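Chemist: The following block contains the structure, expressed as structure tokens.
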Amino acid sequence: MIPQIDIGALGPMLPVAVGAILLPLAEVLMARKRTFLSRPFTQERRGTFLAVASLLCLVIALIISVNGLLGPSRVFNSGNPMIVMDGVAHFLNIVVLLGASLTVLGSVKYLADIHSNHGEYYALLMSSVLGMMFLTSASNLMMLFLALELMSIPLYVLAGFRRSSLRSNESALKYFLIGSFASGILLYGMAILYGMTGSISLAEIGKRFDPESAPHLLGAALVVVGLGFKISSVPFHQWAPDVYEGAPTSVTGFMATTVKVAAFGALMRVLAVALEPAAELLYGALWVMAVLSMTLGNVMAIIQQNIKRMLAYSSIAHVGYLLVGVIVGTLDGYAAVLFYLLVYTFMTIGAFTVVAILAKGGEDRDRVEDLAGLSQSRPLMAVVMTLCMFALAGIPPTAGFMGKFHLFRAAIERGIEIGDTSLFWLAIIGVLNSAISLAYYLRVPLVMYFRDAPPTSDPDVPGFFERVVLLTCLAAVVLLGIVPDDIFNVLSQTAASAQHLLLLQSP
């Protein structure tokens with residue numbers, strides 16, 4: 001029987017794929033034009049044109065994803081379901097596309113300062129976004145691995161995009177080596193699961209998985225370890241601080257947010273569908289990973305003087321918070337993860353955009369002391385950075401507070417429901433770690449508002465596109481903290497509809 005193939009399921013991916021293919025060609029063609037509308041067609045104008053073209057592709061994909069979120073779920077298959085465009089996939093795609101759009105806007109001036117090829121940069125970014133979109137919706141092992149590589153390989157290049165920078169080259173090499181190692185572990189685990197169950201479908205693996213079989217458990221453990229590298233959870237986090245520090249700042253913000261969004265989407269889908277029979281056995285390992293990620297991430301962030309390394313360890317701590325919702329495993333837990341991924345994207349990209357603007361002339365100014373006196377010289381940047389730090393710390397009434405509130409509430413309610421004290425302790429440890437994080441998050445506004453800038457300090461002025469990013473992140477961090485209930489209710493319904501489809505879908 002010829003399988004029914006719904007090409008419409010690929011709708012959100014098509015504009016991104018077209019952009020990834022055409023942007024380098026457009027740059028080559030524009031390089032031959034000396035004038036445009038009787039005006040000199042400078043490299044700066046070419047960069048702006050390519051950024052706008054990239055943004056247009058992302059916005060079209062965003063509109064399609066929003067429409068898909070409001071419509072029925074769709075499946076693309078070729079005899080075996082490859083992607084499932086359910087509510088969770090559409091929502092995660094929306095978050096990825098928002099993060100990518102903000103990254104594009106925040107990269108225009110940065111790329112001009114470092115004299116890089118705009119077309120190559122945007123094509124790599126769009127290719128990575130395409131991989132993320134497939135990763136959030138993958139429903140079999142083959143598509144999961146291909147999407148993961150499509151996401152990762154462009155990021156290896158982007159991490160080393162500043163070819164004249166030794167730190168950037170070192171960052172790319174470390175990211176490539178460790179990322180390849182993680183992919184190998186993941187692929188080995190997938191091979192074991194396929195060999196033991198005879199299927200690459202996540203749903204079919206879930207039906208045939210034997211939690212008492214050692215090979216089944218080994219395959220499950222390797223898959224979780226491989227995805228643990230991608231989300232940079234402890235003890236698979238060692239690469240993150242070095243890579244974040246060395247990569248171009250605009251790329252670092254992109255990696256710190258969208259990669260986690262896509263990887264957590266894949267992790268939730270794998271755990272809820274393929275590895276659901278082993279949930280009780282994996283629970284302990286995930287609990288330890290969550291506690292270690294929260295604690296080690298926050299403790300190590302306190303001693304960092306480089307703000308990019310500080311935010312790297314901060315991101316590791318936030319992985320621990322997100323794992324709380326994954327461990328809970330209920331609809332409220334998954335909805336809390338979705339909400340937190342949304343707010344985390346805005347508050348993290350806002351912080352990295354401020355750091356990127358400080359890199360005047362392409363020279364990184366990424367030490368905490370470089371922010372001294374910023375409230376006087378660049379008040380908008382100081383306000384955005386302060387609110388992003390407050391949100392990351394979970395201070396009310398910011399969006400970060402509401403995100404942590406929903407995560408910890410889900411853990412406590414689930415603990416009461418099943419009488420599991422370990423969930424209570426997980427929530428308590430999360431709250432204590434949020435208090436610990438104040439030590440380094442509050443240091444940033446203290447430096448900006450209560451220390452004078454050195455005489456040689458002259459922070460760059462944010463351009464138009466960068467102002468758009470700053471104001472967007474500022475508005476999101478405030479509004480999502482004031483009116484989160486309606487959004488959270490929608491996410492609960494989204495998780496419920498997706499769970500129904502995930503558990504029933506099979507080849």
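Every number here is computed from the coordinates shown, using simple stated rules; none is lab data. From a predicted model like this one, the values you see are computed outputs, not experimental measurements. Note that each Cβ is placed from the backbone with ideal geometry, even for glycine, and that neighbours are counted across all protein chains shown.
Chemist: Could you derive backbone 3J(HN,Hα) for segment 94-101 from the dihedral phi with the Karplus parameters 6.51, -1.76 and 1.60 (θ = phi - 60°), listing whole Hz in sequence and x where the residue is Gly or Pro?
Modeler: For segment 94-101, the Karplus-derived couplings read 4, 5, 4, 5, 5, x, 5, 4 Hz, x marking Gly and Pro.
Chemist: Checking the a/c ratio against 1.5 first, then a/b against b/c, what shape does the Cα gyration tensor give for segment 217-277?
Modeler: Judged from the Cα gyration tensor, segment 217-277 comes out oblate (a/c at least 1.5, b/c at or above a/b).
Chemist: Continuing with this model, one more query. Please list, in chain and number order, the residues 5+ apart from Asn140 or on another chain whose amide H is under 5 Å from its amide H, with Hs placed from the backbone.
Modeler: It is Leu202, by chain and number.
Chemist: Read phi for every residue in segment 209-220 and hand back ³J(HN,Hα) as whole Hz from Karplus 6.51 cos²θ - 1.76 cosθ + 1.60, θ = phi - 60°, with x for Gly and Pro.
Modeler: Result, ordered by residue: 5, 10, x, 9, 9, 4, x, 4, 5, 4, x, 4 Hz.
Chemist: So, in nm, how far is label Gln376 from label Val461 when the simple model puts each one 7 Å beyond its Cα toward the Cβ?
Modeler: 2.0
Chemist: Near the amide H of Arg367, under 5 Å away, which other amide H atoms are found, from residues 5 or more places off or on another chain, if H is placed in the peptide plane?
Modeler: Close amide H contacts, sequence-distant or interchain: Ile307.
Chemist: Still on this structure: Given the -39500 (n - 2.57) contribution per DSSP H run of 4+ residues, what per-residue ellipticity at 222 nm results for the chain, rounded to the nearest 500 deg cm²/dmol? Write down the numbers at each step before the final one.
Modeler: Working: 21 runs with 376 residues, N = 507.
So the helix-based figure for the chain works out to -25000 deg cm²/dmol.
Chemist: Given an 8 Å cut-off on Cα distances and at least 6 residues of separation, report the relative contact order of segment 7-504 as a percent. Mind showing how you got there, number by number?
Modeler: Working: 848 pairs, mean separation 74.0, N = 498.
After rounding, I find 15 percent.
Chemist: Continuing with this model, one more query. Using a Förster distance of 30 angstrom, determine the FRET efficiency expected from the C-beta separation of Val478 and Leu22, and round it to 0.05.
Modeler: Values: r = 37 Å, r/R0 = 1.23.
Efficiency for this residue pair is about 0.20.
Chemist: Can you give me the relative contact order of segment 86-187 as a percent, contacts being Cα pairs under 8 Å and 6 or more apart?
Modeler: Here the relative contact order equals 22 percent.
Chemist: Using the Cβ atoms and a cut-off under 11 Å, what net charge is assigned to the surroundings of Val368, where Lys and Arg are +1 and Asp and Glu are -1?
Modeler: Its environment carries a net charge of +3.
Chemist: Taking θ = phi - 60°, what integer Hz values does the Karplus form 6.51 cos²θ - 1.76 cosθ + 1.60 yield along segment 379-395, in sequence order, with x for Gly and Pro?
Modeler: Taking θ as phi minus 60°, the curve returns x, 4, 4, 5, 5, 4, 4, 4, 5, 5, 5, 4, 5, 4, 6, x, 8 Hz for segment 379-395.
Chemist: Taking amide hydrogens as modeled 1.01 Å from N in the peptide plane, which residues meet the under 5 Å criterion relative to Met82, leaving out close sequence neighbours?
Modeler: Under 5 Å from the amide H of Met82 lie the amide H atoms of Phe76, Asn77, each far enough along the sequence or on another chain.
Chemist: Right, here's the next one. Taking only pairs that are 8 or more places apart or on different chains, how many Lys pairs in segment 7-504 have Cα atoms under 30 angstrom apart?
Modeler: Number of lysine pairs found: 21.
Chemist: Could you tell me the calculated FRET efficiency between Arg208 and Gln305, based on Cβ-Cβ distance and R0 = 51 angstrom, to the nearest 0.05? Kindly include the intermediate steps, with their values, before the conclusion.
Modeler: Details: r = 52 Å, r/R0 = 1.01.
It comes out at approximately 0.50.
Chemist: Right, next: Hey, of (1) -0.55, -0.69, -0.85, -1.37; (2) -0.58, -0.71, -0.84, -1.24; (3) -0.46, -0.58, -0.73, -1.25, which did the structure itself give for log10 I(q)/I(0) by the Debye sum over Cα atoms at q = 0.08, 0.09, 0.10, 0.13 Å⁻¹ when calculated?
Modeler: Label of the calculated value: (3).
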